[in-house]
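Taking it in order: structure first as structure tokens, then the write-up.
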Amino acid sequence: MRWFTGRVLLVVCAVILAACVAPRQASPNLSTFAAAGLPLRAELTDVPFFPQEDLYCGPAALASALVWSGLPVTQADIADQVFTPGRSGTLRSDVLAAARRNGRLAVPLTSLDDILVEIAAGNPVIVFQNLALDWFPQWHFAIAVGYDLERGEIILRSGRQFRRVTSLKTFARTWERGERWALVVLPPGDLPASTDQKPILQAAAGLERVGRNGDAATAYTAILDRWPDSVGGRVGLGNARYALGDFAGAAAALRAAIDGNPQMPMLWNNLAYALAEQGRLDEAIAAAEEAVLRSGNADAYRATLSELLARGV
Amino acid sequence: MKRNTPSLRALSLATAAAIMFGATAPMPARAAMVSTDQALATLAGETERAAVISFLARDDIRGEMIQLGVDPAEATERVASLSDAEIENIAGRIDELPAGEGLGILIGAAGLVFIILLITDIIGATNVFTFVR
């Protein structure tokens, strides 16, 4: 009788479970990937492997991506930058921050398609999974290095496994349960293949924020190679060059932006500073006046103008 | 357009924050340069984030990180690396946001939970055990 009850209990559990873990997103449609022109399989065999030390899946995954991108780091170096002892783990925001601090262009991806597109383009992708269940989570970072659409598989460097092969459908569920977080980490002159312009611009701005202005300028130049009309790219290039002390270069980038967008006061405002730093105060004041005029007399731009006028006294 | 331009007060506070956190603090004379972050927000038609709120949130997050055992100088750098939008996402949630740890779940997964995870692994819903394909 006890044996019977046990069995019934197990079956009931299994049924409840199957309901609990039903995927919230439709399973990936593998034929769409192939139709979209993705190669049927790709694997980046040269992505280094760091077998994770206890609790260090975050440092291991980021170290792997950074070494692949050309930086000689160790798992322990990276752990100092991303590990949070009181959480016995690594927060996603710290991985993003650390990639930037190491001078890397860190671009979040938001779809499974984009992850595969990056791998096909030769870029490994750091992924965040909940390997277990919503009510019993096992949060985990891994690095995706390959896939095979015919076999429906994704290949990961994960934990202590050099080549963990997981069904794409299972991966889609664990990644969905991990809140769809993925990050491609690149040398600043390389751009991801899959994503649109905005997150790449934000990634470059992230390099400025951590004082990596040379790397930021490199990234903005690459962005302008791909999107020659990018105003954000030109503003960023102007600001990065300004921070590097290349005021003539900053002015050139801002003037190029103004050519297509003379109505934007912020471009004139920043140009004014770049000119002033070159000692071209009259031109700087003229640019600051443009900013005031075109902004409808905004306080911030009037402050720029008064400051420049005061320098001339 | 006007709503997108930072007020002087907000700018000076943001500068103070940058200096306090020892980040790449702009010289005070340069504070009126429009940063790339601000420019991108303006280009995207987003409203200006309140610098005061961001400043306070950064301070809170840094404090939480230190409480969780992160070295104070290190916490400063981590916080300074994030944009205002990224700060808003994690503000007040450092002790509850998912933290990746990977191995080690078996210690916690006793009895019934172990069996449940084994079943969900077999049906491909979870991916806990390396011996299940």
ask   = Residues of A:215-221, mean number of Cβ from any other protein chain within 10 Å of their own Cβ, rounded to a whole number?
value = 0
ask   = Is the shape of region A:96-171 best called rounded, prolate or oblate, per the rule: a/c under 1.5 gives rounded, else a/b larger than b/c gives prolate, else oblate, with a ≥ b ≥ c the square roots of the Cα gyration tensor eigenvalues?
value = oblate
ask   = By how many degrees, 0 to 90 and rounded to 10, does the Cα axis of helix A:213-226 deviate from the longest principal axis of chain A?
value = 80 degrees
query = Taking only DSSP H segments of four or more residues, each worth -39500 (n - 2.57), what value at 222 nm results for chain A once the sum is divided by all its residues, to the nearest 500 deg cm²/dmol?
reply = -17000 deg cm²/dmol
message = At 0.36 nm per residue, and after removing the present C-alpha to C-alpha distance, how many nm does the segment from residue A:281 to residue A:306 gain when stretched out fully?
response = 7.8 nm
task = Count charges around residue A:122 for me, please; just the other residues with Cβ under 11 Å from its Cβ, Lys/Arg as +1, Asp/Glu as -1.
result = -4
remark   = On the formula 1/(1 + (r/R0)^6), with r taken between the Cβ atoms of residue A:297 and residue A:197 and R0 of 35 Å, the FRET efficiency rounded to 0.05 is 0.65
ask   = For chains A and B, what's the summed buried accessible area, probe 1.4 Å, to the nearest 100 square angstrom?
value = 5900 Å²
remark   = Note on region A:186-268: contact order normalised by length, alpha-carbon pairs under 8 Å, 6 or more apart, percent, works out to 23 percent
ask   = Percent relative contact order of region A:128-211, based on C-alpha pairs within less than 8 angstrom and at least six residues apart?
value = 23 percent
inquiry  = Can you give me the angle between helix A:231-243 and the longest principal axis of chain A, using Cα atoms only, in degrees from 0 to 90, rounded to the nearest 10?
reply    = 70 degrees
task = Kindly list the residues of region A:127-156 that lie in the label zone of residue A:167, defined by a backbone N under 11 Å from the point 7 Å along the Cα-to-C-beta vector.
result = A:152-153
ask   = In whole percent, what relative contact order does chain A give with Cα contacts below 8 Å and a gap of six or more residues?
value = 14 percent
task = With a 1.4 Å probe and every protein chain left in place, tell me how much accessible area residue B:71 has, in Å² to the nearest 10.
result = 90 Å²
remark   = In whole percent, the fraction of accessible protein surface over region A:185-313 that belongs to carbon or sulfur atoms, probe radius 1.4 Å, stands at 48 percent
remark   = Reported to the nearest 10 Å², residue A:210 has, with a 1.4 Å probe, an accessible area equal to 40 Å²
remark   = Residue by residue through region A:290-297, the couplings from Karplus 6.51 cos²θ - 1.76 cosθ + 1.60 with θ = phi - 60°, in Hz, x for Gly and Pro, are 4, 4, 4, 4, 6, 9, x, 6
Cα gyration tensor category, rounded, prolate or oblate, for region A:207-259 with a/c compared to 1.5 = oblate
ask   = For region A:53-124, what is the Kirkwood hydrodynamic radius in Å, using each pair of distinct C-alpha atoms?
value = 12.8 Å
ask   = With every protein chain present, what is the per residue accessible area of region A:122-229 (1.4 Å probe, Å²)?
value = 33 Å²
key: Cut-off 13 Å between beta-carbons: net charge of the residues surrounding residue A:48, Lys and Arg +1, Asp and Glu -1   = +1
note = With Cα coordinates, the longest principal axis of chain A makes an angle with the long axis of helix A:2-20, in degrees rounded to 10, of 30 degrees
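The values are calculated or read from the model by the stated rules, or taken from the named source; none is laboratory data. Source: prediction; values computed, not measured. Please note: Cβ atoms are built from the backbone with ideal geometry, for glycine as well, and neighbour counts cover all protein chains shown. Keep in mind that these areas ignore ligands, DNA and RNA; they rest on the heavy atoms of the full protein, side chains included. Shrake-Rupley method; radii C 1.70, N 1.55, O 1.52, S 1.80 Å.
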